[in-house]
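Nothing in this text is a laboratory measurement; each read-out follows from the coordinates by a stated rule. What you see is a predicted model; the values in this text were computed from it and never measured. Quick reminder, even Gly has a Cβ in these numbers, built from the backbone with ideal geometry, and neighbours come from all protein chains shown.
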Amino acid sequence: MNCEHCKERQATVTVTQVINGQKSEKHYCEVCAQNFHPFNLDFHKEEQIPIHQLVSNLFGLPVWNNGVEKVQSTSQKATQCPKCGFTFRKFLNEGKLGCPQCYETFSTQLPQVLTKIQAGTKHSGKAPGTPSHHNEWIKKQIESTREQLQLAIADERFEDAAKLRDEIREMERKLDRGGVDTP
Amino acid sequence: MNLEHFLKSEAPGWMDVKGLDADIVLSTRIRLARNLDGYRFPLSFTDGEAQQIDDVVTQALMAINNEHKFSHFMIKEMPSLQRQVLVEKHLISPLLAKKEKSASVLISNDETISIMVNEEDHLRIQCLAPGLQLLETYAEASKLDHQLEKHLPYAFNDTFGYLTSCPTNVGTGLRASVMMHLPALTMSKQIKVVTQMLARLGMVVRGIYGEGSENLGNIYQISNQVTLGKSEEEILEDLQNVVVQIIKNERGAREALFKNSRIVLEDRFNRSLGILKYARIMTSEEAAACLSNVRLGVDLGIIKEVPLHVLNECMILIQPGFVQQYAGTTLQASERDMYRAKLLREKLNTNNQKLMGKGEERYDV
């Protein structure tokens, strides 16, 4: 088989690339392979620092594929955060956003990044101004500890049972004091 | 309170020896990341913005009626050795210690709460407690957060929750960590399995003396990675369940070790104690390893004369910043090893009687 690039020399090197789960194989001769090696490519591109690649890899966005990259960066230039001037590309480079407004600006692109590193893309915890559900959680804890206590008694593990009983008492005491323990 | 108060060579309040499962779980830490709406994140803000944020936060904290009293320190006004000591006490992060722009820290007088201003986010509220106390410590942090939100315009969005500079903190902004001493799991090589299991559950394991110090002294810090898509309660509950499971495994491994090789263990613990008491040159690695052995010896009832709180204190004191503070000057690595050995000898030999007395006093209160 001849090299896919120069089509002259014998192909001796196989380059396997996986981009977004899509596997592709290229066959090059030794001379052409050197030019096409992904690490060589990265060296020639000045702006590509390893950390950028790291972040982009983490977020599953292709770095190597030049064509795709160009298309993305032009479409992303259009959306620049009005408050801090960050673009989505800059966010990918830094791994961090510039200001709270960025979340609004990139609200359509962010979820694809967040699904990779978080359990979901929607906040389900507390919000400013809302009372915490702390008491309910303590109640749940008491409930489950009671179950453990029953098990311990059934198994005649009395030392454990005594410990669990004390834990329940402690939690109940906290509940009486409004969920916040102030020693 | 002046800065000297926070630099003294004692284990901080959160390293006391009370709390649930205090033999295995050394401490619990809760961290909340918060930002102010209308200001850029520290990554891209101006000096003016930084200054304003510092002022607004400090004023808010003075305005609220918390039972804790806070002291305010500018990072850039601190000599580097003092910054290092605060890092080693876990009162500030290594990142904050490097900041020059209007970065500051507010520390409660008992050292259980610290608020870092203009670190990666505008605010990092951190609460520390001894033993396994995820619920209680979170309640403390949440209470302070609730008081602050009345005075500060938090950046919050219904979809993404509390907005943070890095998307790994967005949502609850909550990072809960538990510091655990796991010598038996390490000795029996089970720790690898535990680490892999934790990664699958969205949790991370780190060493206590920072990144790269993986299992120095067999101490591991386990924390949640996920902050979005789970509520605070779910995050804490998941971590709690995992930690309880690890405690169970560690206790099992300890029992098995003790049963199978009691004399080997006794030898190892007592040798370590001897090294700590009499060595003249001590690297931090060796000191951490010996302290871990002695600690396990105390937990298993083999070593009786060393109180746990002395060991806790030593663990903090063997770090380079503290050793240099003890010497009163900056030192080369080889000089540090000599001072470290001296410090440990003092803590474990001559002061033993006195420290025992002090320990008993604490229990009487």
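Here are the numbers for the structure shown:
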| item | result |
| --- | --- |
| Fully extended contour minus Cα-Cα distance, from residue B:285 to residue B:72, at 0.36 nm per residue | 73.3 nm |
| Once exposed loop trypsin sites (Lys or Arg not before Pro) are cut out (DSSP; at most 14 other Cβ, 10 Å), longest piece of chain B | B:190-279 |
| Hits among lysines - C-alpha to C-alpha of residue B:8 under 25 Å, sequence gap 8 or more where chains match | B:18, B:69, B:76, B:89, B:98, B:99, B:277, B:342, B:347, B:354, B:358 |
| Span from the segment B:217-264 Cα centroid across to the segment B:308-345 one, whole angstrom | 29 |
| Dipole magnitude of chain B, debye to nearest 20 (Cβ charges: Lys/Arg +1, Asp/Glu -1, about Cα centre) | 1260 |
| For segment B:124-205: rounded, prolate or oblate by the Cα gyration tensor [a/c cutoff 1.5] | oblate |
| Partner aspartates and glutamates for residue A:174 [C-alpha distance under 16 Å; skip if fewer than 8 residues away on the same chain] | A:136, A:143, A:166, B:136, B:140 |
| Averaged over B:154-161, number of beta-carbon atoms from partner chains that fall within 10 Å | 6 |
| Loop GluC sites (Glu not before Pro), segment B:86-161 (other Cβ atoms within 10 Å of the site Cβ: 16 or fewer; DSSP) | B:100 |
| Sparse-neighbourhood loop sites, GluC sites (Glu not before Pro) in segment B:157-252 - DSSP loop, at most 16 other Cβ within 10 angstrom | B:211, B:214 |
| Alpha-carbon Debye profile of chain B, log10 I(q)/I(0) at 0.09, 0.10, 0.15 Å⁻¹ | -0.52, -0.65, -1.38 |
| Size of electric dipole in segment B:91-223: Cβ of Lys, Arg +1 and of Asp, Glu -1, about Cα centre, debye, nearest 20 | 420 |
| Ranking of B:74, B:338 by count of other Cβ atoms within 10 Å, fewest first | B:74, B:338 |
| Average other protein chain Cβ within 10 Å of Cβ, residues B:144-152 | 2 |
| Relative contact order of chain B, defined on C-alpha pairs under 8 angstrom at six or more residues apart (%) | 19 |
| Estimated FRET transfer efficiency when R0 is 30 angstrom, pair residue B:58-residue A:115 (beta carbons, to 0.05) | 0.20 |
| Out-of-range pairs (alpha-carbon distance over 28 Å; input B:192/B:230; A:116/A:139; A:23/B:189) | A:116/A:139; A:23/B:189 |
| Cα-based helix-to-principal-axis angle, B:333-348 vs chain B, degrees rounded to 10 | 70 |
| Shielding score for B:40-47, defined as the mean number of other chain Cβ atoms within 10 Å | 5 |
| For segment B:59-152, fraction of C-alpha pairs farther apart than 15 Å, in % | 60 |
